[in-house]
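The values are calculated or read from the model by the stated rules, or taken from the named source; none is laboratory data. Since the model is a prediction, treat every value here as computed from it, not as a measurement. Using ideal geometry, Cβ is built from the backbone for each residue, glycine included, and neighbour counts are taken over all protein chains shown.
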């Protein structure tokens, strides 16, 4: 099987079901952001292999493939799996476990302090973009509400993960102190 088909050389691509869309279509923007999110998550997984079990990242990445497949489909084809119904609760459980080890947050924190912490924040920002695009897309097509909840909770998870990874790397959180220059 060749990776190139040449069918997109005119600036269009087809989604599952056969409809061709311009590559600038909001649906494709949302799919692209979910794909970018997954790639950033892979980099985060590679950087944190000694700190977070790889299986946790893999579970999230597999869920993101489901999200992308659902967005790339007209209707709900039988071949595409559903997002696990407990996927949001699983993220919440993971956040609660990490939160038990973190100090209470009393201020906004500046992203950074270590490459792995910065990567977690970049991943969170891409997740928020994907979520915003999903909201805009929902103005045009019907989208399962679980997808919204999942991306929203995933961005929360990535924030907590950034703090947790910082703690594991002994990175001091830098508080945002407005108007103190």
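Within the stretch 1-24, restricting attention to residues that are loosely packed, with under 12 Cβ neighbours inside 10 Å, in contact with a strand residue (DSSP E or B) (Cβ under 8 Å, 6 or more places away or on another chain) and at pLDDT 70 or above, the residue that is farthest from residue 81 (Cα to Cα) is 11.
Select from the stretch 72-93 the residues that are in a helix (DSSP H, G or I) and in contact with a helix residue (DSSP H, G or I) (Cβ under 6 Å, 6 or more places away or on another chain) and list them in ascending order. 87, 88, 91, listed by residue number. Do we have any residue at all in the stretch 148-166 that's surrounded by 11 or more Cβ atoms within 10 Å (Cβ to Cβ) and more than 18 Å from the chain's Cα centre (by Cα)? Yes, the stretch 148-166 contains at least one residue that is surrounded by 11 or more Cβ atoms within 10 Å (Cβ to Cβ) and more than 18 Å from the chain's Cα centre (by Cα). Say whether the condition of being touching a strand residue (DSSP E or B) at 6+ places or on another chain (Cβ under 8 Å), in a helix (DSSP H, G or I), within 21 Å of residue 41 (Cβ to Cβ) and at pLDDT below 95 is met by at least one residue in the stretch 104-122. No, that holds for no residue.
Regarding residue 173, is this residue within 16 Å of residue 99 (Cα to Cα) and either in contact with a strand residue (DSSP E or B) (Cβ under 7 Å, 6 or more places away or on another chain) or surrounded by fewer than 16 Cβ atoms within 10 Å (Cβ to Cβ) (or both)? Answer is yes for this residue.
Please go through the stretch 33-46 and pick out each residue that is touching a residue at least 40 places away in the same chain (Cβ under 8 Å) and crowded, with 18+ Cβ neighbours inside 10 Å. So that I can check it myself, show each step before the final result.
Step one: filter the stretch 33-46 for residues touching a residue at least 40 places away in the same chain (Cβ under 8 Å), giving 33-34, 36-37, 40-41, 43-44.
Residues satisfying the conditions are 33, 34, 37, 40, 41, 44.
On the stretch given as the stretch 101-125, residues that are touching a helix residue (DSSP H, G or I) at 6+ places or on another chain (Cβ under 7 Å) and without any contact (Cβ under 8 Å) to a residue 40 or more places away in the chain total 1.
With respect to being at negative phi, in contact with a strand residue (DSSP E or B) (Cβ under 9 Å, 6 or more places away or on another chain) and either touching a residue at least 60 places away in the same chain (Cβ under 8 Å) or assigned to a helix (DSSP H, G or I) (or both), residue 30 falls outside the description. Evaluate the following for residue 89: is it under 29 Å from residue 66 (Cβ atoms) and surrounded by 18 or more Cβ atoms within 10 Å (Cβ to Cβ)? Taking the combined requirement at face value, the residue does not satisfy it. Checking each residue in the stretch 49-65 for being surrounded by 18 or more Cβ atoms within 10 Å (Cβ to Cβ), farther than 16 Å from residue 160 by Cβ and modelled with pLDDT under 95 picks out no residue at all.
Please state which one of 69, 30 is touching a helix residue (DSSP H, G or I) at 6+ places or on another chain (Cβ under 6 Å), more than 19 Å from residue 119 (Cα to Cα) and modelled with pLDDT of 90 or more. If you could, list the steps in order and put the result at the bottom.
On the way: 69 fails: touching a helix residue (DSSP H, G or I) at 6+ places or on another chain (Cβ under 6 Å).
Criteria check complete, one pass: 30.
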